[in-house]
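Novice: I'd like to ask some things about the structure below.
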Amino acid sequence: MSSHQSEDNLEPEQLDDPEAGWTWFLSLASIVLLVITVVAVTVLFYFFRDLEVEKKVIDRPARQLSELRTAQEGQLEGYAKYQVIPIGGTEEDAEDFIRIPIERAMEIVNAEARGPRSSVSQELGEGSLVLSEEPSRKEDVPQ
């Protein structure tokens with residue numbers, strides 16, 4: 001009878017052990033949910049990082065380069081005066097130069113190449129250059 005008494009005197013706390021099936025299911029479901037969350041956060045992080053890199057690193061120099069190129073092309077198409085200060089020099093040592101459009105420079109070079117004694121004689125008006133032909137002198141050259 002002593003064996004019957006020990007079965008009847010069971011405490012209720014000992015009967016509340018969790019079932020192994022539900023414990024495994026909840027553990028696996030929590031692990032799967034954690035992995036999905038970590039992967040989603042990682043994908044979002046790299047997606048937004050790539051957007052920021054493209055916006056701040058890749059696109060910005062392209063915009064700056066196109067603006068610089070536009071400004072430089074504008075300078076090439078017009079006349080301008082500018083000064084160059086030699087290295088180690090002062091502003092009094094600065095040399096004046098004239099910038100002319102490329103098309104005009106090509107015309108001058110072609111005209112100089114065609115005529116044996118042609119040269120640029122002077123600068124007139126608003127920065128336009130005029131070619132003048134020097135009178136050609138024929139000299140006898142011994143053969």
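What follows is calculated from the coordinates using simple rules that are stated; it is not laboratory data. Keep in mind the model is a prediction, meaning the values are calculated, not measured. Here the Cβ is made from the backbone with ideal geometry for all residues, glycine too, and neighbour counts use every protein chain on show.
Novice: Give a residue-ordered list of calculated ³J(HN,Hα) values for the stretch 56-66 (Karplus: 6.51 cos²θ - 1.76 cosθ + 1.60, θ = phi - 60°; whole Hz; x for Gly, Pro).
Specialist: Running phi through 6.51 cos²θ - 1.76 cosθ + 1.60 with θ = phi - 60° gives 8, 10, 7, 6, 4, x, 5, 5, 5, 5, 5 Hz.
Novice: Mind giving me the FRET efficiency for LEU34 and LYS55? R0 is 25 Å, r the Cβ-Cβ distance, nearest 0.05 is fine. Before the final figure, lay out the partial values.
Specialist: On the way: r = 32 Å, r/R0 = 1.27.
That gives a FRET efficiency of 0.20.
Novice: Given H placed on each backbone N at 1.01 Å, which residues far from ARG99 in sequence or on other chains put an amide H within less than 5 Å of it?
Specialist: Under 5 Å from the amide H of ARG99 lie the amide H atoms of ALA80, LYS81, TYR82, each far enough along the sequence or on another chain.
Novice: Next question. Between THR23 and THR42, what is the label-to-label distance in nm when each label sits 7 Å out along the Cα-to-Cβ direction?
Specialist: Placing both labels 7 Å along Cα→Cβ, they lie 3.0 nm apart.
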